[in-house]
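The values are calculated or read from the model by the stated rules, or taken from the named source; none is laboratory data. What you see is a predicted model; the values in this text were computed from it and never measured. Note: ideal-geometry Cβ built from the backbone for every residue, glycine included; neighbour counts use all protein chains shown.
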Amino acid sequence: MTGRAAASEAVVFAYLDEPPFCFPQPGGAALGSDVELVSEALRRLGIASFEMRLTSFAELLPGLIDGRWSITTPLFITPERRKSVDFSRPVWALGDGLLVRHGDEARFGSYAALARAPGARLVVVADQVQELSGLTAGIPRERFLRVATQEAAVQAVRERRAEAYASVAMAHRGFLSRSPDPGLAVIAIAAETGGREPAKGAFAFARSQGALRARFDAALDALIGSDWHRNMMARYGFATADFDLG
């Protein structure tokens with residue numbers, strides 16, 4: 001593809017309000033580690049301008065499948081998701097964490113601890129992989145509170161409608177770095193206490209975007225692990241082990 005053709009290629013990037021990965025700014029733009037990475041990768045393809053579209057987790061993949069956007073913010077690669085979309089090369093590998101009220105760290109430090117505590121409730125963003133982790137650990141389905149957004153999940157913990165919110169530990173830290181709250185604490189769930197091993201995440205593409213995905217992967221190969229990438233990820237609080245995937 002020529003530089004002129006690439007520059008005119010219409011690309012729509014769908015993202016979530018989930019710092020430090022992505023978060024909206026006034027005027028429709030966005031910031032975050034995933035935003036900077038997709039922007040630099042597309043720039044290297046000659047695509048200097050693209051649309052960023054804020055959406056909900058529930059709409060992220062359906063919107064990709066029905067053509068509302070071209071690329072989504074990275075999410076965990078699962079066999080179920082591979083049935084309907086394609087993924088780029090992995091860009092990070094992250095473990096789970098719980099957001100709890102300050103003082104509850106010892107009581108609710110793992111999925112198993114929540115399962116053992118009578119009546120303890122876990123809030124999750126519906127259909128994220130942490131829901132299955134909680135179920136596997138023995139938390140009864142009726143003790144799950146399913147919501148649509150990170151903000152709603154955090155609010156459920158604040159209001160004592162749930163004892164903990166399960167997501168990626170980095171997402172909890174990112175939220176608190178942007179909206180500090182001394183009443184909340186983050187617990188990283190180690191694999192030996194029932195958490196998942198760090199799982200890989202990647203940008204998702206519609207099946208019709210195979211050519212773009214292949215070119216995008218080539219750009220990622222040159223970027224991941226570069227000095228630019230290491231410095232950028234460090235600014236958002238990531239350790240080298242989070243993205244140095246070997």
Is it fair to say A106 is surrounded by fewer than 18 Cβ atoms within 10 Å (Cβ to Cβ), at pLDDT below 95 and not assigned by TED's automatic domain parsing to the domain that holds R230?
-> yes
Of all residues in the stretch 139-155, count the ones that are under 29 Å from K200 (Cβ atoms) and out of contact with any Lys or Arg (no Cβ under 8 Å at 6 or more places or on another chain).
-> 11
Residues (free of Cβ contacts under 8 Å to residues at least 24 places away in the same chain and either over 27 Å from L61 (Cα atoms) or assigned by TED's automatic domain parsing to the domain that holds C22 (or both)) located in the stretch 114-139 = R116, P118
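If you check R215 against the conditions, is it among the charged types (D, E, K, R) and not in a helix (DSSP H, G or I)? Spell out the reasoning first.
Details: among the charged types (D, E, K, R): yes; not in a helix (DSSP H, G or I): no.
The answer is no for R215.
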Take the residues in the stretch 13-47 that are within 19 Å of R89 (Cα to Cα) and of a type in the set (A, V, I, L, M), then tell me which one is surrounded by the fewest Cβ atoms within 10 Å (Cβ to Cβ).
-> L45
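One line per residue, one yes/no per condition, for (1) within 20 Å of R44 (Cβ to Cβ); (2) surrounded by fewer than 19 Cβ atoms within 10 Å (Cβ to Cβ):
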site: P198; (1), (2): no, yes
site: R207; (1), (2): no, yes
site: A218; (1), (2): yes, yes
site: L223; (1), (2): yes, yes
site: H229; (1), (2): yes, no
site: G237; (1), (2): no, yes
Flagged pairs (Cβ under 9 angstrom, 6 or more apart or on separate chains; first in the stretch 224-246, under 15 Å from S39 (Cβ atoms); second surrounded by fewer than 12 Cβ atoms within 10 Å (Cβ to Cβ)) are M233/A239; M233/T240
Of the residues that sit in the stretch 123-139 and are among the small types (G, A, S) and outside any loop (DSSP other than H, G, I, E, B), which one is surrounded by the most Cβ atoms within 10 Å (Cβ to Cβ)?
-> G134
Got a number for residues in the stretch 229-243 being within 16 Å of A171 (Cβ to Cβ) and not hydrophobic (A, V, I, L, M, F, W, C)?
-> 3
What number goes with the only condition from (1) over 17 Å from the mean Cα position of the chain (by Cα); (2) small (G, A, S); (3) modelled with pLDDT of 95 or more; (4) in the same structural domain as G46 (by TED's automatic domain parsing) that A206 does not pass?
-> (3)
